[in-house]
Structures are given as C-alpha cells and as structure tokens.
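Presented below is the structure to which this report refers.
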Amino acid sequence: QHFCLGNFILTDANSFQDVVVKIERPTCQKPFLGGFKNRTTGVEFHNAGSQTIPKKRPDKGIQLFCRETQTVFEKNKPQQTKNTTSTQMTKIGLYVSNKTDKLISPGKYFTADEYHKRRLEAVIVLQTYFRRWHAMKVVQNLMEEKRLRLAWEAQEELRKKKEKEEKLRREHERRLNPKTKEDFELLYHALELWRQEETEWINRTLTGAERKAALCGLLEQEAQLIASIGRHKLNADEENQQKAILHFMDKCAQPKRWKAYDGKITEVDTQYTLRARELFEIYCSISMSDIPKDERLDVLLTLRRTVKEHECKLTQEIVELIDREVDLMSREVKECNLEGLRKRICTLFLQYIKTPKFNPEVAKILKVPSDPLNLYKNVNFCHSCENYLPSTEFPVPANSRTIGRCHLCYKLDNEAQQREAYLKYKLILENLRKAEADYQDNAKIVFLVQHQDLHYMIENIWGCQSALSACSDLYDLVMVRWDKQHEWSPWNTILLTKDEADAHLKLCNLQEAYQATFIHRIKHKHIRAKNYFAQIPAMASFLDRSDNQANAN
C-alpha cells in the first residue's frame, strides 16, 4: 500500500517545482529507536529512520553465503581505567588518628632469575611429595595384588589337594566296591602291578627251590584274588542288571519331547507311553519287598487284571503264578519261602513288558528287532568266540582293516594277559571330543580315533607326560590343538596339563611364545603320528588336506 504527497521545491529565486513523493507503508512494525519528550508541552518526539528497498541480486541458481555471517571475529584488549583517590594528613586545625595505621617497610629486592629459581624449587618440592604419594600408592597396589595372588595360589593349591584326595578316595571306593567295567579294569590292573612287583622281588632275592615255592605261592594268591574279583563281579552284574531293567522301562515311559521355536520344551504323552508308564509302575510295585500283606494282594490283583487283557500262554502262566502266591499267602506261608515264586512272577512280567504286542512303545528300544529279516543286516562273525553279533559289538580302531574280535573277547583277553586300565585314556578322549564339539567347525578326525589309538599316542609318542612340565598324572593331562585355527588331529595336537592347556589356547603366535627347539620337538612328534596313521585308509584324505594347508601356509 502506498500513497502520494505533493511537495514544492525551490529551483530558482522565485520559481518552485511540484514533485510527487511516493510513500510506501511498512508491512511490519518498525522498532523503537528512542526519542525525547518536551517537559513543557509534554509532546513526545521519536527518532525515525527510513530504508529504501535494496536492489535484488540476480538469482544464479546457486546458494551463496556471506563470510561476515559465517565467521565470527573476536578480539580481547585489556584496559586499565583510572581510579582517582585522595589522602588526608594531620595539619593545623585537623587531627587524623593514626591508631589503625600500619608501618610498611620495603622487602628485599630480588631479580627475575631469583624469582623463577624460587618457583622452580617450589615446583620440585611439590613434585617430590607427589612422587612419594604416587610411589606409596603403587607399592600398596602391588602389595594388594601380591596378597590376592598368594591367596589365589593357596586356594588353588587347596583345591588341587582336595581334588587329589577326592580322586584317591573314589579310586579306593571303586576298588572296595566295584560296580562298572572300568572299576574291574582298575582292579585287574592293580592286581597285575602287584604281581609284577612280587615277581620282581622273588627273582631278585630268592633262587632255586625257594624261588619256585615262592612263585607257586604267588600263583595261589593271584588265583584267590581273581576268584574274589569274580564274586564281586557277579554281585555287581546282578545289581547292574536290575538298574538296567529299571532304566529300560523308564526310557519307554518317557513322554515325547521337542524344542519349540521359542526354546521351550514341549512334552506330549501318547497312548503307548501311557501304557508303558502303567506297566512300569506295576513292575516297580511287584518288585518291592517288605510290604504289608494287604498291599501285596492289591498289587497282585492289579497285575492279574492287566495281563488278563490278552490271552496267550505267557499271560496264563503269569495268572497261574499269581493265584498260587495268593493261595500260599492265605495259608500264612513265610515270606522267605515265597521269594522264588515272586522272582518268577517278576521275570515273566518283564518278558510281558518286552513284548511289542502288549507294549508297543518297547519296539523302538529293543536291540533284537521284531522282524527276523533285520537280523541279517550289519551282522559280523567273531573269530574268537565264534558268535554272530551286530556291528556295534565290535571295536574298530583307526588302524584296523578288518573286523576282529568283539568287545567281550577283548575284555577277557585283557583280564587274562595285559590287564590294562583304559579309563584314563577314555576320560582324555571324552574331554577332547567335548572340546572339539564346542569349536563348531565340523571336526571329524577326533570322532574316528578310538581309545586304543589314543593309548598308543600317549604311551609311545608323548611318553605319558606333559610336553611342558613333564607331569605324568594322566588324570590331570588333556590333549588340545597345537594350532587352534585348524581342527584337532594326531599331527595337530599337544599333551599338556589342564592349566597349561588353558594358557596355550590363549596364545596368538606360537612362534613368538615358544622357543625354536621346543617347536622342533613338537613337530617331530607330529611326524611320528603321521607315519603311524598314514597306513589307515580313512585318514589318507585328512593327511592330504593337512599337507595342502601346510604348503599353502
């Protein structure tokens, strides 16, 4: 919006010119620029300013910036302002008290060099005290670390001592009350060591007829000990057989389990698992001893109703035995006279449970398949005991080319001649397989090696001792990868203690961590292992692959 005003401008002495002035109204409110006020009339006068429309720059299509609006220039300049003061002294007609006055005398003058020297000495004093404080803190930290280290070492020593005592206690307990095959292996191994020591002592101290008599006495003692071990084995077999039966039936009664997408385990009972669980509970009930007479009768009646669901020769015999026991119990027959009858009932009912017709869930667990044609698959002949057995009953060492003797024949031969205890080597192999599975790099060789192969490696190649500390306690030794970037193999391994193995696996560069002589000795053991396993066809491909990797490196 704008409007026009007419103004007259004096051009000559007596002539005027009319000029039209266009005034444009502001589109925004102008800021207040100050002013003044007439005190007499009270009229206010404001300062005013005018601004013409600036000339617009042509648009070049590029956004431009001005340096003045981008950069800030700052400048600091100190100023000393004047401060006018005055003093007043005593004079004629004026008294000024000097009670609060102070006497000021000039000090010793020192130069700039003396000033800086004084500052340097003060700084040195401060540094001295600070360094003393810092040294005390460092010493305190070192003492604390030493205390913690000594406490940790004492704790570790105590832990190892307790573990050793617990291991000795377990071994002593296993020898006094053997339960498993490994326990009897330890017994036979201890018997062999005792026999060798006694034979060596007799050969060293006795001669002639006395030596023969002592050897005969040693043979009689050995025979007595073997007979005692045999009696322990019969008792353990009977107890283990009962545990195996309960484990077998409990496995049949387990519900179906699977893991869902969210990680939760889902369990579902089928009609077959419910049937197996019912039979398992009945078997546990009839196997119990020292139960009241009324409860025993209830259990027998439940068993009778269960087996009467199927009519066959087996169920008829079970029903006849149940009726016979009920009749004898009604005649007040002693419990000790009923033990044989009750064992027959348990045996026949176990046969009933193992029949797939009566317990369908058991067909998935039985070793003997229901179809006779399946017996001809994966069956091998043992040349020692001359029995046809499934392939799972034969040990297959990595260096074997044919099927040899079965597990039972190997065990009997070991008990009769070598009497070696493979428990320690089995533990080392089990720990090694667990460690390789944790790498999750599809390791295969460790699962081809058997404990007989590991026994050969530890005994003949590594000398039954740690490569670093020469520790010979097999319970404390483990096998780990020599180069952790490649999978474990007999030519990529090292035998160390557990603590040494943990420290070895943390190394990044073996060439810098070990001396050249030590590395050369380990490589020599790897070459010996390669020569031993090179004759195995299954290992040939792994050997070629390792050679190619070595050449590439």
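The values are calculated or read from the model by the stated rules, or taken from the named source; none is laboratory data. Source: prediction; values computed, not measured. Neighbour counts are summed over all protein chains in view; Cβ atoms, including those assigned to glycine, are modelled from backbone coordinates with ideal geometry. Each accessible area value is taken on the protein alone, full model and side chains, heavy atoms only, with ligands, DNA and RNA left out. Shrake-Rupley method; radii C 1.70, N 1.55, O 1.52, S 1.80 Å.
Each of Leu321, Leu429, Tyr115 was placed along the dipole of the chain (beta-carbon charges, centred on the mean Cα), and the one lying farthest toward the positive end is Tyr115. Note on the chain: dipole from Cβ charges, positive end direction compared against Phe381, Leu187, Ala467; the farthest Cα belongs to Ala467. Here the contact order of the chain, divided by its residue count and restricted to Cα pairs under 8 Å and six or more residues apart, works out to 7 percent. Taking amide hydrogens as placed 1.01 Å from N in the peptide plane, the amide H of Gln450 sits under 5 Å from those of Ala398, each at least 5 positions away in sequence or on another chain. Select from Gly404, His486, His46 the residue farthest towards the positive end of the dipole of the chain; place +1 on Cβ of Lys and Arg, -1 on Cβ of Asp and Glu, and compute about the Cα centre. In the chain, that residue is His46. Going by alpha carbons, how many degrees (0 to 90, nearest 10) lie between the helix axis of 112-176 and the longest principal axis of the chain? Tilt relative to the chain: about 20 degrees.
Computed from Cα positions, the angle between helix 313-330 and the longest principal axis of the chain comes to roughly 80 degrees.
Taking a straight Cα-Cα cut-off under 16 Å and skipping sequence neighbours fewer than 8 places away in the same chain, the aspartates and glutamates within cross-link reach of Lys293 are Asp323, Glu325, Asp327, Glu332, Glu335, Glu339. Charge dipole (Cα centre; +1 on Lys/Arg Cβ, -1 on Asp/Glu Cβ; no other charges) of the stretch 396-520 amounts to roughly 400 debye. Other residues within the sphere of radius under 15 Å centred on the Cβ of Val480, judged by their own Cβ, net out at -3 (K and R +1, D and E -1). Between Trp152 and Lys75, the modelled label-to-label distance comes to 6.4 nm, taking each label 7 Å out from Cα in the direction of the beta carbon. Considering only the other residues whose Cβ falls under 12 Å of the Cβ of Lys343, what net charge follows from Lys and Arg at +1 and Asp and Glu at -1? Neighbour charge sum, excluding Lys343 itself: -1. For chymotrypsin sites (Phe, Trp or Tyr not before Pro), the sites in the stretch 103-144 that DSSP calls loop and that have at most 13 other Cβ atoms within 10 Å are Tyr109, Phe110.
Once backbone amide H atoms are built at 1.01 Å from N, Val480 has Ile494, Leu496 as its partners under 5 Å, excluding neighbours fewer than 5 places away on the same chain.
Accessible surface for the stretch 171-300, divided over its residues, is 67 Å² per residue with a 1.4 Å probe. Take the residue pairs Lys243/Lys264; Lys161/Lys426; Lys162/Lys525; Lys167/Lys367; Lys251/Lys498; Lys179/Lys426 and return only those whose Cα atoms are more than 27 Å apart. Pairs exceeding 27 Å: Lys243/Lys264; Lys162/Lys525; Lys167/Lys367; Lys251/Lys498. For the stretch 265-366, the dipole from Cβ point charges (+1 on Lys and Arg, -1 on Asp and Glu) about the Cα centre works out to 380 debye, to the nearest 20. Computed about the Cα centre, the dipole magnitude for the chain is approximately 3720 debye when only Lys and Arg (+1) and Asp and Glu (-1) carry charge, each at its Cβ. The value given for the stretch 292-338 is a Kirkwood hydrodynamic radius of 11.2 Å, derived from the mean inverse Cα-Cα separation.
Partner lysines whose Cα lies under 29 Å from the Cα of Lys117, excluding those fewer than 8 positions away in the same chain, are identified as Lys108. As a length-normalised measure over Cα pairs under 8 Å and 6 or more apart, the relative contact order of the stretch 201-275 settles at 17 percent. Quick note on the stretch 79-183: its Rg to Rh ratio, both from C-alpha atoms and Rh being the Kirkwood radius, is 1.69. Compared with the dominant Cα axis of the chain, that is its longest principal axis, helix 537-552 is turned about 20°.
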